[in-house]
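Just below is one structure, and these are the notes that go with it.
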Amino acid sequence: MSARNRTQVSLERIFRENAKTTKRQRKSAETKDEEEEEDCDSHSSSMEAKSSPDLESIGSGTTTKRSSGSRSRIRRDFLTRFTDSERFTENLQDWFGSVSENDKIKPVFEPPFELVELQKFDYALEGVSFQQLTRMPNAVYASTSTSVEANAYLAVEDFLHAAVKSLWEAFWSSQEEEPVPFSVGCLFSENLKFYQAEKALALGRLDGLSATGVLLKNPRHPHGKWDHVLELALLRPEVGSRQPSLPVLGEALFYALRVLISRSVSRLDFSQSANCVFVLLVDLQYGGVVKVEGDVSKLDFDVNNVYDCAADWIKNHSKISVSPIDRIWNKLGNANWRDIGALQVVFATYHSIVQYFGPPRHSIEDLAADHSSRVHSRRQERQLGDTGLNENGMFRLQQRTMSPEIVEVHEEESSKIEPEPLMKLEVGSVLWLEDSNYQKGYQINQVLTNGTLPYHIASPVDEAGKSVFLYVGSPPSQLEPALEDMNLWYQVQRQTKMLSIMRQRGLSSKYLPQLHGSGRIIHPGQCQKPSSGGRCDHPWCGTPILVTTPVGETVSDMVNEGRFGPEEAIRCCHDCLSALSSSSSAGIRHGDIRPENVVYVTSGVRQPYFVLIGWGHAVLEDRDRPAMNLHFSSTYALQEGKLCAASDAESLIYMLYFCFGDLPDLDSVEGALQWRETSWSKRLIQQKLGDVSTILKAFSDYVDSLCGTPYPLDYGIWLRRLKRNLSEDHGKEIETSG
C-alpha cells in the first residue's frame, strides 16, 4: 500500500473515532440532563408537588422539545460562568450611585412588607412556639474573640432551622411528628456547594463561607442544588445601618439571580412565585430582607458577557425591595422572635415556603382570628366593659369620663385565698426531722441569711456539743410547683440531691460538705396525711429539711470584718480548688461560687480550712444550668448559660479579686460581660491579685488562658504550687485532692 493510501486510511480512522467520541459526549450530556430532570421529578413527587403545566406542554412537539433543551443548556452554561459576585457588583456601581441620589428625598427601595401584614402575621404567631436557641451570636465579643464568626454562622443556621421548623408545624404540617422537609446549610464560595456549618468549620472552611441557605431536603444531593434553594441569608458585618451598602446589596442580588436562573431550568414546581426570591441580610445583632422579583426570560443569556447581561437585567427588568434594618438578636445573642426585626425575617421565610409548597393548611387569617378571641376573653375576665369589635375587627376604644383605665375588681369573699402562716424559727426552737429510718431533733442556735435566704446553725438534740447547718425549704403549696420559691428549692431539695450523689459516688474530701441528714419536718399536732407520700392540711406538713456539716464562718463575713488577708486568700484558693478537683472527678461542677458559699472552719481542728458549700446549682448534666451572678459567674456562663471546664476556677478568681477590692456597679448582663472583657484585657485582675500574692497572679493568668475553651484545668500542679506558698508549720499535712 502506498504512503498516500496509508495516510488516507489513517485520516478516515481518525474521523470515525472523533465522530464516535462526539456522539458519546452528546449522549453523556443528554443522559446527565435526563438524570437531573428525573431527580427533580423524584424530589417533586416526594414533596407532593404538581408538575408545571408549562413544562408538561414542552413535550408536545419534537422541535419545541429540542429548543427547550437547547435553552436549558445555554442557561446552565450561563450559570457555570456566573460565579464572581465582585465582578457583578462592579457593573452595578453606577446604577447604585444614581438610585442613591434620591436617598435624601425618599427611601432608595420600597419595603417588601406592609406594617399591616406584619401585624397580622404577629397575631398569627401568638400561639406558635419557637425553639430556644442554644448557639447564639455575641456582639459583645465581636472585636476580641477569634471564634465569633464561626459562632455566628452556627447561630444563623440554628435561627433559620428554628424558624422553618416552627412555621412548618404551625401552618403546613398535618401530623404531630411529620418530618420537616427542609435542610439548612452554609454555602462555600469556591465550589458553590452547601455544607452543614459544623462540618464546614471542622474542614477549616470558615474563610470560604459566604451564605446560609434553606433548601428542600434531598438525600441524593447532600451538598444541595441551586434550584432547591428556598431562601438565603448573608452574614456580613455592620448590616445594622440605614441602608445596605453596595457590596452587601450587590452580593445579595448576585445570589438571588443565581437562584432565579436555576429555577428557570428546574422541573420543580415554583408556580406560586417562581420569579421571586428572598435574601436575608444579618450581622451579630441586626437583620433585614431583600426581595428580588423579575422575569428571567428577559435576561440576555450571552455566555461570553455574563456579568454585563446580568447587571443589565437588574437595572431594567427587576424589582428590588429592601426592608428596614432592625434588631433580631440582643447583645447576648437571644433572638427577639416577636420584635419587628425578627418578624420580617420570619415572614420572608414564610413566603419562601409558600413559593414551593403553596398556601398553608392553616392560613394567617385563621390563626390571627384567635387573637381577637384571646383579647376578648381577657377583657371579660377583667370586667373591662364593652368588648365589642369595630368594623376593622379591632376593639373599640371606650370613651369614659369617670371610670379609670385600670379598674378595681372586687372579688367575692369566697374566692379569697388565705395566706399560709410563715414558719418562724427562733433561737431555742427545736425541729424534728422525719426520715425513712429515723426521727431526729435539732435545736436552733443561730439564725443566718445567705443573701436573702435564711438558714440556721443548730445542734442535734442527742449531740449537744456538735454544730450543723440546717436549711428549711418552703412548705408545699396548694398551687402549681412552678409558683413555689425556686431559690429555696435549689438551696434545699436540689442541694440534697447533689450531696446524695456525691456520697453515692464515693467523694470524700474535707473541703466538701457532708450530708448529715435530710427529710421532712414533723409538725406540731396530729398529722392527718392520707399516705406516706401525701400531706395533711397543716401548713408545715411535708416541708423539706437539709442538714450538713461542717459549720464555719462565711468568707463574706470575714471580708466585712477585715479578717481575710493574703494567707487566707491562698488557703481559700487551695481548698476550693481541691473541692472542685474532687467534684470534677465525678463529673460535677459547682456553678455558684461566691463569698457566701465558702465557709472557714475553725472549731475542733488543728489547722483551719475552707469548705465549698452551696451545691444547689451544681451542673451534672447538659440540661442543668448554673446560677447567674453578675459579679461572680464566669464569662461563658453569662454568655451561653452553661459552664466550660474552667468556669468554676474563673468564678473563684472573681471571688478572690472582689475580696480585696470594691464591687463594681453592674446592672445588666451586657455590663457584666463588658467589665470582664475590659478587666482581663487590661490585666486589672492579675494586677490586683499580684498585690496579694504572686502565686494568685500566676493562677489568674493560667485561668485567663483557659476561659471559654474546652481544655481541662490541671488541678494537680496548681494544688502543689499553692501548697508550697502556704506559710504554715511544715509538720502539718494538707489534704490535697486530684
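The values are calculated or read from the model by the stated rules, or taken from the named source; none is laboratory data. This structure is a prediction, so every number in the text was calculated from the model and none was measured. Positions of Cβ are backbone-derived with ideal geometry, glycine not excepted, and every protein chain shown enters the neighbour counts. The area values use the complete protein model at the heavy-atom level, side chains included, leaving out ligands, DNA and RNA. Shrake-Rupley method; radii C 1.70, N 1.55, O 1.52, S 1.80 Å.
At-a-glance table
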{"quantity": "Among residues of the range 193-226, those that are basic (Lys, Arg) and without any contact (Cβ under 8 Å) to a residue 12 or more places away in the chain, counted", "calculated": "1"}
{"quantity": "Filter result for Ser183 (modelled with pLDDT of 80 or more, part of a strand (DSSP E or B) and more than 30 Å from Gln674 (Cβ to Cβ))", "calculated": "yes"}
{"quantity": "Residue, surrounded by the fewest Cβ atoms within 10 Å (Cβ to Cβ), within the range 69-91, restricted to residues that are polar (S, T, N, Q) and touching a helix residue (DSSP H, G or I) at 6+ places or on another chain (Cβ under 6 Å)", "calculated": "Asn91"}
{"quantity": "Single match in Phe278, Phe171 (criterion: closer than 21 Å to Val354 by Cβ, outside any helix (DSSP H, G or I) and aromatic (Phe, Trp, Tyr))", "calculated": "Phe278"}
{"quantity": "Which listed residue, of Val306, Val277, is more than 34 Å from the chain's Cα centre (by Cα), open to solvent by less than 20 Å² (accessible area, probe 1.4 Å) and either more than 23 Å from Phe182 (Cβ to Cβ) or in contact (Cβ under 8 Å) with a residue 40 or more places away in the chain (or both)", "calculated": "Val306"}
{"quantity": "For Ser262: the one exception among (1) of a type outside the set (Lys, Arg); (2) buried (at least 21 other Cβ atoms within 10 Å of the Cβ); (3) within 22 Å of Lys193 (Cα to Cα)", "calculated": "(2)"}
{"quantity": "Glu157 vs. criteria acidic (Asp, Glu), in a loop (DSSP other than H, G, I, E, B) and either closer than 20 Å to Phe347 by Cβ or modelled with pLDDT under 85 (or both)", "calculated": "no"}
{"quantity": "Residue within the range 440-459 that is modelled with pLDDT under 85, at positive phi and not charged (D, E, K, R) present", "calculated": "yes"}
{"quantity": "Residue, least open to solvent (accessible area, probe 1.4 Å), within the range 170-179, restricted to residues that are touching a helix residue (DSSP H, G or I) at 6+ places or on another chain (Cβ under 9 Å) and either over 30 Å from Asp122 (Cα atoms) or free of Cβ contacts under 8 Å to residues at least 24 places away in the same chain (or both)", "calculated": "Glu178"}
{"quantity": "Qualifying residue in the range 471-485 (condition: modelled with pLDDT of 85 or more, assigned to a loop (DSSP other than H, G, I, E, B) and buried (at least 17 other Cβ atoms within 10 Å of the Cβ))", "calculated": "yes"}
{"quantity": "Unmet requirement for Pro595, which otherwise passes all of (1) in contact with a Phe, Trp or Tyr (Cβ under 8 Å, 6 or more places away or on another chain); (2) open to solvent by less than 10 Å² (accessible area, probe 1.4 Å)", "calculated": "(2)"}
{"quantity": "Flag if Asp624 is of a type in the set (Asp, Glu), at pLDDT below 95, assigned to a loop (DSSP other than H, G, I, E, B) and farther than 12 Å from Gly552 by Cα", "calculated": "yes"}
{"quantity": "Verdict on Ser245 being without any contact (Cβ under 8 Å) to a residue 40 or more places away in the chain, under 29 Å from Phe109 (Cβ atoms) and surrounded by fewer than 19 Cβ atoms within 10 Å (Cβ to Cβ)", "calculated": "yes"}
{"quantity": "Every residue from the range 186-201 that is in a loop (DSSP other than H, G, I, E, B) and at negative phi", "calculated": "Ser189, Glu190, Asn191, Gln196"}
{"quantity": "Thr212, sole failed condition from (1) part of a helix (DSSP H, G or I); (2) modelled with pLDDT of 85 or more", "calculated": "(1)"}
{"quantity": "Residue tally, condition over 20 Å from the mean Cα position of the chain (by Cα) and either among the aliphatic types (A, V, I, L, M) or closer than 15 Å to Leu235 by Cβ (or both), over the range 192-201", "calculated": "3"}
{"quantity": "Of all residues in the range 431-468 being polar (S, T, N, Q) and within 25 Å of Tyr490 (Cβ to Cβ), the one that is least open to solvent (accessible area, probe 1.4 Å)", "calculated": "Asn450"}
{"quantity": "The range 449-477 residues that are closer than 23 Å to Gly542 by Cα and of a type in the set (A, V, I, L, M), paired with ones that are open to solvent by less than 60 Å² (accessible area, probe 1.4 Å) and in a loop (DSSP other than H, G, I, E, B) (beta carbon under 8 Å, 6 or more apart)", "calculated": "Ile457/Ser467; Ile457/Val551; Ala458/Ser467; Val468/Val551; Val472/Met423; Val472/Leu425; Val472/Thr543"}
{"quantity": "Given (1) open to solvent by 30 Å² or more (accessible area, probe 1.4 Å); (2) under 25 Å from the mean Cα position of the chain (by Cα), number of the condition Ser647 does not satisfy", "calculated": "(1)"}
{"quantity": "Unique match (being closer than 22 Å to Pro460 by Cβ and either surrounded by fewer than 16 Cβ atoms within 10 Å (Cβ to Cβ) or under 33 Å from the mean Cα position of the chain (by Cα) (or both)) among Leu515, Leu499", "calculated": "Leu499"}
{"quantity": "Flag for Val346 being out of contact with any strand residue (DSSP E or B) (no Cβ under 8 Å at 6 or more places or on another chain) and either open to solvent by less than 10 Å² (accessible area, probe 1.4 Å) or in a helix (DSSP H, G or I) (or both)", "calculated": "yes"}
{"quantity": "Subset tally (residues that are on the phi > 0 side of the Ramachandran plot and surrounded by fewer than 18 Cβ atoms within 10 Å (Cβ to Cβ)) for the range 535-574", "calculated": "1"}
{"quantity": "Restricting the range 226-242 to residues that are open to solvent by 10 Å² or more (accessible area, probe 1.4 Å) and of a type in the set (Gly, Ala, Ser), the residue that is nearest to Ile328 (Cα to Cα)", "calculated": "Gly240"}
{"quantity": "The range 111-132, residues that are touching a Ser or Thr at 6+ places or on another chain (Cβ under 9 Å), closer than 25 Å to Pro244 by Cα and either of a type outside the set (Phe, Trp, Tyr) or open to solvent by 60 Å² or more (accessible area, probe 1.4 Å) (or both)", "calculated": "Pro111, Pro112"}
{"quantity": "Per-region count, the range 553-601, residues part of a loop (DSSP other than H, G, I, E, B) and closer than 16 Å to Leu726 by Cβ", "calculated": "2"}
